[in-house]
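Since the structure comes first, as structure tokens, the remarks are kept for the end.
Rule-based calculations on the coordinates, nothing more; no lab input. In this text the structure is predicted, and so the values were computed from the model without any measurement. Positions of Cβ are backbone-derived with ideal geometry, glycine not excepted, and every protein chain shown enters the neighbour counts.
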Amino acid sequence: MKRAIQSGDKFIKSLPITEKETLDKSPKNLFPKSENKKVIILTNAACYSACDAFVALMKDQNLTTKIIGEQKYTGGGGANVLNWNKMQKHKVFDYEFENSMDMNFSWRAMQSRLPDGTYRTIEGKGTEVDCVIPKTVDDIKFSNPADIVKNRTYVERILQNIDNDTLCVNK
């Protein structure tokens, strides 16, 4: 980064998590289909990093029957976050924010590979789900306060209506 800043070069560029050369060398049947089985993914916008990469891979390689989310997109966050003030302390940047301000930023945008070999960026936006089913008040009320399975009502409602797209608020 120091070299890029000194020479005025762009030091942030869009790169996939797994390099194209590695994916190109992978066998064509690397992602087998689940024959005659439904693959349903439940997710929400609190899905980041590995979770987001998993959902993107499953969707982009057509390995799911349906992706259901509490919101329209997964979280879209990567794990490659840098902190400006910490970088400045190591003399990477010569500008220091005033009034205890700080900034976190990603140095590498998370991407997913599409079946046609192109890439789409999922950093900051995430993966769009097929069906949005928000939680209701009844989903988060507990008859027993000691119930450790906090999402049980929501998951049960989804499973009971898995083939019923009328629950989807985005359809």
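Within the shell of other residues whose beta carbon sits under 9 angstrom from the beta carbon of Thr43, the net charge comes to -2, with Lys and Arg scored +1 and Asp and Glu -1.
Once you have the Cα-Cα distance between Met87 and Asn36, take 0.36 nm times their residue separation minus that, and quote the gain in nm to one decimal. Could you put the intermediate results ahead of the total?
On the way: separation 51, 0.36 × 51 = 18.36 nm, distance 5.12 nm.
Difference between extended and current length: 13.2 nm.
Here the range 37-126 is assigned +1 on the Cβ of each Lys and Arg and -1 on the Cβ of each Asp and Glu. Its dipole about the Cα centre then comes out at about 500 debye. For Ala50 and Gln6, FRET efficiency with R0 = 35 Å and r from the beta-carbon atoms, rounded to 0.05? Once the sixth-power term is evaluated, E becomes 0.50. For the set Lys91/Lys125; Lys59/Lys135; Lys25/Lys86; Lys89/Lys125, the pairs lying more than 26 angstrom apart at their alpha carbons are Lys91/Lys125; Lys25/Lys86; Lys89/Lys125.
Going by neighbour counts of Cβ atoms within 10 Å, the residues Arg113, Arg157, Arg152 line up, fewest first, as Arg152, Arg157, Arg113.
Sorting Thr121, Thr166 from the fewest to the most surrounding beta carbons within 10 angstrom yields Thr166, Thr121.
Counting neighbouring Cβ atoms within 10 Å and putting the fewest first, the residues Met103, Met110 line up as Met103, Met110.
Listed by chain and number, the aspartates and glutamates whose alpha-carbon sits under 20 Å from that of Lys37, ignoring those within fewer than 8 places in the same chain, are Asp60, Asp130, Glu156, Asp163, Asp165.
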